[in-house]
Structures are given as C-alpha cells and as structure tokens.
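Values in this text are rule-based calculations from the coordinates and carry no lab data. Source: prediction; values computed, not measured. Reconstructed Cβ throughout: ideal geometry from the backbone, glycine too, with neighbour counts over all protein chains shown.
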C-alpha cells in the first residue's frame with residue numbers, strides 16, 4: 001500500500017511539474033523575458049488539459065491545420081521503434097561484453113576498461129557524423145545505396161538512427177558495467193561461491209548478474225533524460241519522422257504539453273512494471 005501511495009504521489013507531482021515546464025515558453029514574449037506572463041501561461045495549460053481534442057498543428061503536406069492526437073500516433077511509433085530497438089541491441093551487446101570482461105585476464109581487462117572510458121567520452125554528434133560518413137563512403141566506393149542518410153516528410157529512416165543511438169547507449173553502459181563488475185567480484189558471497197567450486201559461467205549468470213540488474217536499471221532510469229536528449233538530436237539531424245523532431249518544428253505550448261505527457265506516461269508505466277517484476281532478492285536493499 002505504501003508503494004502504491006508513493007508511486008501515485010510521484011505521478012501526480014510529476015504531472016504538475018510537466019504542466020509547469022510546458023508553460024515556460026510564456027516567459028518569453030517578443031524576445032523579452034516577461035515573468036508576469038507565466039501565471040497566465042500556467043492557467044492556460046491546466047485549462048488545455050480538458051480540451052486536448054481541440055489542439056491542432058499545421059500539416060505541411062496538407063497545408064492546413066489538423067487535429068494533433070490522431071496524427072501523433074505514427075510519430076510516436078517511429079520514436080518507439082528507434083528507441084526500443086537501440087536499447088535491446090545495446091543491452092544485448094552489453095551482456096556479451098560483461099561476460100567477456102568477467103572471464104578475461106588482467107591485461108585484457110585493462111585494455112577494455114580504458115577503451116570503454118574513452119568511447120564513453122566521445123560526443124553523440126561524432127557517432128551521427130561517423131555513421132553518415134560511412135554510408136556515403138559505401139555509396140561512393142561500392143555503389144551501395146540501400147542506406148538512407150536522411151528521411152523526408154513521407155519517407156522513414158531507421159537504420160542509421162538506430163545504429164547511432166545504439167552506439168551512444170552501448171558505450172554509456174560499458175563504462176558502468178566495467179566499474180561494477182570489478183566491485184562485485186570482491187563481495188564476500190562471490191568469494192564464498194568461488195571457494196565452493198562454482199563454475200565461472202554459473203557464478204556470472206546466477207550470482208553476479210542478478211546483483212547488477214536492479215542497480216543497472218536504476219542507473220539507466222536516472223540517465224534516461226540524457227538518452228532522450230541524444231534521440232532528439234538524432235531525430236532532428238537525420239530528419240526522422242518522430243515525436244522529438246515534431247516538437248522542434250511545432251514549438252507551441254499546447255503541443256509541448258501533449259508531447260511531454262505522451263513521453264512520460266509510458267515511461268512511468270514501464271517503471272511501475274519493472275519495480276513490480278524485479279524480485280526483491282535482486283534489489284539487495286537498494
């Protein structure tokens with residue numbers, strides 16, 4: 001019951017904060033900072049919550065105003081496809097890396113640790129430019145034209161955005177896994193299991209990895225805003241027909257309000273589900 005109350009209050013508080021964030025553009029009027037406008041903007045946004053079906057946007061193809069809510073579905077779908085595919089691929093590679101790192105010797109570990117730290121420092125923009133450069137080079141050298149380097153109003157681009165976001169997330173994960181695997185190896189229960197003759201593979205998959213799952217989830221959750229910021233840049237520069245690019249081209253307060261909720265509510269539901277599904281034994285008092 002306490003958990004339900006905590007999550008409910010968290011949801012309500014976050015919703016109020018999101019409405020407050022969506023009203024921030026009202027602070028600027030005709031290139032001037034006008035704090036007195038914020039209260040009016042805040043009232044407007046709360047009022048807008050009861051009239052979501054009236055929110056419209058300008059459709060470039062149709063050259064007219066169209067209702068927002070039916071049209072936002074395909075945009076959200078593209079963003080979710082790119083985000084989830086990148087996340088699944090990055091987690092898969094991260095697991096392979098974690099196991100390889102765990103089974104490696106001291107010299108290999110040193111190289112992997114230094115490499116992961118270096119790659120994590122590389123800006124997201126580099127990977128975006130790098131993947132586009134590779135696609136263009138493949139086209140010029142080998143005539144391979146199956147990889148699109150940018151989308152259009154009626155065209156979808158997924159491969160390069162997925163690759164770029166996967167690299168961004170993956171290198172983000174590798175540094176964290178490297179650090180925490182080294183820490184976990186020194187814990188008493190792993191030393192005891194090793195002394196009892198538990199095989200390294202079983203030690204990793206049955207003992208070490210479950211201990212990392214919840215902390216890894218908390219790490220990702222606390223840095224989700226960084227990943228979403230990277231996705232915004234990727235959608236904008238690759239011209240992806242996604243939700244983040246849409247708000248850049250339609251910067252109105254009512255649209256911002258809807259998109260903030262469209263992004264937050266699924267994240268909140270996934271968080272509730274994850275907290276419920278992850279066994280307490282894996283949380284280790286965290």
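Some notes on this structure:
- By the equivalent-ellipsoid construction on the alpha carbon gyration tensor, the chain comes out with semi-axes of 40, 28, 16 Å, ordered largest to smallest.
- Debye intensity ratio in log₁₀ form over the Cα atoms of region 184-264, taken at each q of 0.23 Å⁻¹: -1.05
- Note on residue 126 and residue 39: with the Förster distance fixed at 41 Å, the Cβ-Cβ geometry gives a FRET efficiency of about 0.45.
- The separation of region 166-241 from region 10-81, counted between C-alpha centres, amounts to 35 Å.
- Using alpha-carbon coordinates, inclination of helix 209-222 to the longest axis of the chain, degrees: 20
- The ranking of 158, 245, 64 from fewest to most other beta carbons within 10 Å of each one's beta carbon is 64, 158, 245.
- Reciprocal mean inverse distance between Cα atoms of region 148-286 - Kirkwood radius, Å: 18.0
- The angle separating the long axis of helix 224-238 from the principal Cα axis of greatest extent in the chain is about 60 degrees.
- Computed label-point distance, nm, for sites residue 77 and residue 17 using a 7 Å Cα→Cβ extension: 3.2
- C-alpha long axis of helix 37-48 to longest principal axis of the chain, angle in °: 80
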